[in-house]
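Since the structure comes first, as structure tokens, the remarks are kept for the end.
The values are calculated or read from the model by the stated rules, or taken from the named source; none is laboratory data. What you are looking at is a predicted structure, and each value in this text was computed from that prediction instead of being measured. Cβ coordinates were reconstructed from backbone atoms using ideal geometry, including for glycine residues, and neighbour counts include every protein chain displayed.
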Amino acid sequence: MLGVLMWAGVESAWATFINPLGGGNGRELSLQTILDQRRSTAGQVPFDVDDDQRLDDTLWEFSSGRSWATVVIEIASYADGNRFGLYDPLDPNRRVEVFNGAAIGGSRTEIELLKTAGGYEVRINGQARQTFGSDDFGFYLTSKVNRTFFSDPALNPDVFPRPPNKNEPVDHLVSYTGRAGQTLQVGNQSLSWGAQDAVLAWEDLFNGGDRDYNDLVLLVQNVHPRDPDPVTVPDGGSSVVLLAIGLAAVLGVRRGRWK
Ligand SMILES: [Ca+2]
Ligand SMILES: [Ca+2]
């Protein structure tokens, strides 16, 4: 018998709470306002930073071999020191920096992934920088005070100190894929924000801080949340299938924690 299993990624079943006041005691623009001011479909197509979150934003894939990352806005007090990049989920210490602390709104970087004999070579603006073990990757943010937060909350060092989600691992990233024909205005650039393009919005403070997710907002084009990879089980694998069902149940329990 040949069983095919879906690898169950650990992901949240519920949207991540975003402070609607926008942080800075209301002096900063909220994430909703930031995106409404820039999206071409504002006033025509509803968009909601809570309801439209991608709940499967822990791991990603490129939609083809080449992608572009653009800084939409950075309004954190750490803005001049936040660094953003990709990490290898097989070894989260294997990272590629896409933007350093000097990046500002409109900064744009090309990312390529090339299959090689030894794995997947990651190139930044044409320069080989790192080799990943698979074509899946996560995103990370290293804050000005050298805290690194990952798109997979399970890797993060902090928990929310108060409700909602008190004592649960902090989700520092909320993500939104776009829709066909939609664009996002970034400075004088009008960039596609379609179904294969994602806005990534980060909270850069340990313990979730003010939970406004407007500290670093990026558009990464030509990506999508990782498809669950089928795992082929060899003949006689029925016990493995049962084991995997048990594992899925355990993961389901873990997932439930992250409401
Ligand atoms: Ca998330
Ligand atoms: Ca913040």
The lone exception for residue 173 - which of (1) at pLDDT 95 or above; (2) more than 25 Å from residue 31 (Cβ to Cβ); (3) among the aliphatic types (A, V, I, L, M) it fails: (2)
Residue in segment 146-161 that is away from ligand 1 (no atom under 16 Å from the Cβ), crowded, with 17+ Cβ neighbours inside 10 Å and modelled with pLDDT under 95 present: no
Index of the failed condition, residue 100 passing every other in (1) of a type outside the set (A, V, I, L, M); (2) crowded, with 16+ Cβ neighbours inside 10 Å; (3) more than 16 Å from ligand 2 (Cβ to nearest atom); (4) under 19 Å from the mean Cα position of the chain (by Cα): (2)
Matching option when the condition is in contact (Cβ under 8 Å) with a residue 24 or more places away in the chain, within 12 Å of ligand 1 (Cβ to nearest atom) and touching a strand residue (DSSP E or B) at 6+ places or on another chain (Cβ under 8 Å), among 170, 217, 186, 223: 170
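Residue-by-condition table, conditions (1) acidic (Asp, Glu); (2) under 19 Å from the mean Cα position of the chain (by Cα); (3) closer than 26 Å to residue 105 by Cα:
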position: 145; (1), (2), (3): no, no, yes
position: 150; (1), (2), (3): no, yes, yes
position: 174; (1), (2), (3): no, yes, yes
position: 179; (1), (2), (3): no, yes, yes
position: 184; (1), (2), (3): no, yes, yes
position: 190; (1), (2), (3): no, no, yes
position: 197; (1), (2), (3): yes, yes, yes
Only one of 235, 227 that is part of a loop (DSSP other than H, G, I, E, B), under 25 Å from residue 109 (Cβ atoms) and at pLDDT below 95: 227
Lone unmet requirement of (1) more than 16 Å from ligand 2 (Cβ to nearest atom); (2) at pLDDT 95 or above; (3) not hydrophobic (A, V, I, L, M, F, W, C) for residue 32: (1)
